[in-house]
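> Have a look at the structure that comes next, please.
The values are calculated or read from the model by the stated rules, or taken from the named source; none is laboratory data. What you see is a predicted model, and the numbers here were worked out from it, not measured in a lab. All Cβ positions, even for glycine, are placed from backbone atoms using ideal geometry, and neighbour counts span all protein chains on display. Ligands, DNA and RNA are stripped out before the accessible areas are found, and what is left, the full protein with its side chains, is counted by its heavy atoms. Shrake-Rupley method; radii C 1.70, N 1.55, O 1.52, S 1.80 Å.
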Amino acid sequence: MASSAPADSEDNSYVMVNPNVGHPTSSPDYFTAICAEVDNLSADLRTISLEIHDNPELQYKEFHAHKVLTEYLARKLGWTVTPSAYGIATAFVAVFDSGRKGAVVSFNAEYDALAGIGHACGHNLIAVMSVAGALATAKVMKDEGLAGKVMLFGTPAEEGGGGKIKLLKAGAYTNVDISLIAHPGISPDAALVRTAAYFAFKVEYFGKEAHAAVRPWEGINALDALITAYNAISVLRQQTEPGDIVQGMITDGGLRPNIIHAYSAGRFVVRSSSRARVEALKKRVFACFEAGAMATGAELKLTPGGSCADLAPNHALGRSYRKYFNCLGGDIVEGDLDILRSATSASTDQGDISYAIPSIQPSCWIRSEDRSGRQLGGPHTPDFEKAARTEEVHGLAMRVAKALAATAVDVLTRPELLAEVKREFDEMNCVDELTRRADCE
């Protein structure tokens, strides 16, 4: 990362009041007001969460969730809601504008499900965490006369569809200062979650048919080309760096065993700890496929699929979130230890947002256990789908919403924090650019 966490003394800008709850606050007590507003919203948002959870919809087909969320937000005074925003049928943008120039803080809501296992990634919870955070931030802005703007983005198709990337390319995040979102899981609570960068692609080889027994020398075996590449990748893994992942499958291996295969195809994924590392790894993986073509004489075609950057968390935003979350009973560790403990090889389109504007995506632990306390499955399992609708888990989600909103209000009311956020963000992007240039040389 481009910058490290400052000494603990830099957090002394928070004034501790009300020893019964230990809330960090300035004057007036924004945090207490935020918590009260989230509590007021909780019952309605519990209903919305269950409505989304119990009616799972796949990427770009989240019409029911879109309707439920936009209709709810449209009833909130002071909010302007745009359904089907930026030409995406199930995206939306909701805006609360104070009318006074200030920082622009944003929240991302997700609500798509997984095929076959529904909301096994807890996107119903992500939706209501972001809605609660945005509404609580706006309530404090209105009551306290704070300058600035709150934006809530409805972001469809996180599960492989890259909804946030489409919104980003369409200009949705222009002039936004920060982006906030959180994700449930079974790992310990964390503020500085870093995800992996991801690149998917299709591989095709084109050869020439021949009778495999009578005149095989007249053929060009496309399957041999793919098998050669597959084996070369297996050998390559011995020399890749920690965090480098190459996954693949053969989708077409020929028609019949007595024909020299004129066509073969597969789908592959490259992941690594950063988008710079993915670019470097792609070159080595592509060389394996070129070797297959060279060895057999088959023609190679590579077609890019989905991709996303790693999520690069902003430390300054993470410190703010951690301070508030821990005052609500959380126990997030500090600085580099948080990053080391929470790093994951999973990927998300929020990663691209984190390179466009300062961002965090804290993780929040939720209970996925049987009655005896035995650990059950995490995200993308049927166990987690069941866990994502419990009353206890909703309460944990509302705690996260309070910390997210408090972080947003911090940015709105502390110009020095926003300056630090942006300085760190600029340094991070500078290091990323230098790293990618070095990998290209």
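> Between residues in the range 36-49 that are in a helix (DSSP H, G or I) and residues that are open to solvent by 50 Å² or more (accessible area, probe 1.4 Å), which pairs lie under 8 Å by C-beta distance while being six or more apart or on different chains?
As it stands, the answer is E37/K139; R46/E391; S49/R389, since those pairs meet every condition given.
> Checking the condition of a type in the set (G, A, S), modelled with pLDDT of 95 or more and in a loop (DSSP other than H, G, I, E, B), which residue from A94, A89 passes?
Details: A94 fails: in a loop (DSSP other than H, G, I, E, B).
Just a single option satisfies the conditions, and that option is A89.
> Within the range 50-75, can you find the residues that are free of Cβ contacts under 8 Å to residues at least 60 places away in the same chain and outside any helix (DSSP H, G or I)?
So in the range 50-75, the residues free of Cβ contacts under 8 Å to residues at least 60 places away in the same chain come out as 51, 55, 57, 61, 63-64, 67-68, 71-72, 74-75.
Once the filter is applied, which keeps residues that are free of Cβ contacts under 8 Å to residues at least 60 places away in the same chain and outside any helix (DSSP H, G or I), the range 50-75 yields N55, E57, K61, R75.
> Further question: The conditions are (1) closer than 21 Å to M129 by Cβ; (2) touching a strand residue (DSSP E or B) at 6+ places or on another chain (Cβ under 9 Å), and E391 fails exactly one of them. Which is it?
(2)
> Sticking with this structure for a sec: Considering only residues of the range 286-313 that are surrounded by fewer than 23 Cβ atoms within 10 Å (Cβ to Cβ) and among the aliphatic types (A, V, I, L, M), which is nearest to the chain's Cα centre (by Cα)?
Selected residue: L302.
> If you take the residues of the range 177-204 that are charged (D, E, K, R) and assigned to a loop (DSSP other than H, G, I, E, B), which of them is nearest to the chain's Cα centre (by Cα)? Don't jump to the end; show me each part of the working.
Of the residues in the range 177-204, the ones charged (D, E, K, R) are 177, 189, 194, 202, 204.
So of that shortlist, the ones also assigned to a loop (DSSP other than H, G, I, E, B) come out as 177, 189, 194.
Numbers: D177: 18, D189: 16, R194: 9 Å.
My answer is R194.
> With S307, S234, S264, S273 as the choices, which residue is among the hydroxyl-bearing types (S, T, Y) and within 28 Å of P188 (Cβ to Cβ)? Outline the logic, then answer.
Values: S307 fails: within 28 Å of P188 (Cβ to Cβ); S234 fails: within 28 Å of P188 (Cβ to Cβ); S264 fails: within 28 Å of P188 (Cβ to Cβ).
Within the list S307, S234, S264, S273, the selection yields S273.
> Let me ask something else. Which condition number does I332 fail, the rest of (1) modelled with pLDDT of 95 or more; (2) within 17 Å of the chain's Cα centre (by Cα); (3) of a type outside the set (D, E, K, R) being met?
Result: I332 fails condition (2) only.
> Being open to solvent by 10 Å² or more (accessible area, probe 1.4 Å), farther than 21 Å from H64 by Cβ and touching a strand residue (DSSP E or B) at 6+ places or on another chain (Cβ under 6 Å) is the filter here; which residues of the range 90-136 pass it?
Matches in the range 90-136: V95, F96, D97, V104.
> A further question follows. So if I check each of A200, A212, which one is modelled with pLDDT under 95, farther than 29 Å from K422 by Cβ and in contact with a strand residue (DSSP E or B) (Cβ under 7 Å, 6 or more places away or on another chain)?
Details: A200 fails: modelled with pLDDT under 95.
Among A200, A212, only A212 is modelled with pLDDT under 95, farther than 29 Å from K422 by Cβ and in contact with a strand residue (DSSP E or B) (Cβ under 7 Å, 6 or more places away or on another chain).
> If a residue has to be part of a loop (DSSP other than H, G, I, E, B), open to solvent by less than 50 Å² (accessible area, probe 1.4 Å) and touching a residue at least 40 places away in the same chain (Cβ under 8 Å) to count, how many in the range 208-260 make the cut?
Of the range 208-260, the ones part of a loop (DSSP other than H, G, I, E, B) are 209-210, 212-215, 219, 221, 240-244, 253-258, 260.
In the following step, the residues that additionally are open to solvent by less than 50 Å² (accessible area, probe 1.4 Å) were identified as 210, 212, 219, 221, 240, 243-244, 253-254, 260.
This time we only want the ones that are touching a residue at least 40 places away in the same chain (Cβ under 8 Å), so: 210, 212, 219, 221, 240, 243, 260.
Summing the residues that are part of a loop (DSSP other than H, G, I, E, B), open to solvent by less than 50 Å² (accessible area, probe 1.4 Å) and touching a residue at least 40 places away in the same chain (Cβ under 8 Å) in the range 208-260 gives 7.
> If a residue must be open to solvent by 40 Å² or more (accessible area, probe 1.4 Å) and closer than 16 Å to S272 by Cα, how many such residues does the range 314-351 contain? Reasoning before the result, please.
Kept after step one, since they are open to solvent by 40 Å² or more (accessible area, probe 1.4 Å), are these residues of the range 314-351: 323, 326, 328-329, 331, 334, 336-337, 340-341, 343-346.
Subset that is closer than 16 Å to S272 by Cα: 340, 343-346.
Final tally of qualifying residues: 5.
So that you can scan it fast, the table gives a plain yes or no per residue for (1) farther than 22 Å from L302 by Cα; (2) modelled with pLDDT under 95; (3) small (G, A, S):
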{"residue": "G154", "(1), (2), (3)": "yes, no, yes"}
{"residue": "G171", "(1), (2), (3)": "yes, no, yes"}
{"residue": "V176", "(1), (2), (3)": "yes, no, no"}
{"residue": "S179", "(1), (2), (3)": "yes, no, yes"}
{"residue": "N221", "(1), (2), (3)": "no, no, no"}
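> Are any residues in the range 337-377 at pLDDT below 95, charged (D, E, K, R) and closer than 20 Å to G161 by Cα, and if so, which ones?
If the condition is that a residue be at pLDDT below 95, charged (D, E, K, R) and closer than 20 Å to G161 by Cα, then no residue fits.
> State which residue pairs qualify: first residue touching a residue at least 60 places away in the same chain (Cβ under 8 Å) and inside the range 308-327, second residue open to solvent by 10 Å² or more (accessible area, probe 1.4 Å) and aliphatic (A, V, I, L, M) in any location, beta carbons under 6 Å apart, and separation of 6 or more residues or different chains.
Note: pairs meeting the criteria are A312/M428; H315/A5.
> Something else: Would a scan of the range 141-151 turn up a residue that is open to solvent by less than 40 Å² (accessible area, probe 1.4 Å) and within 18 Å of the chain's Cα centre (by Cα)?
yes
> Something else now. Go over the candidates G163, G116, G122, G99 one by one and state the one that is closer than 21 Å to A346 by Cβ and without any contact (Cβ under 8 Å) to a residue 24 or more places away in the chain. It would help to see each step written out before you state the result.
Values: G163 fails: without any contact (Cβ under 8 Å) to a residue 24 or more places away in the chain; G122 fails: without any contact (Cβ under 8 Å) to a residue 24 or more places away in the chain; G99 fails: closer than 21 Å to A346 by Cβ.
Unique residue meeting the criteria: G116.
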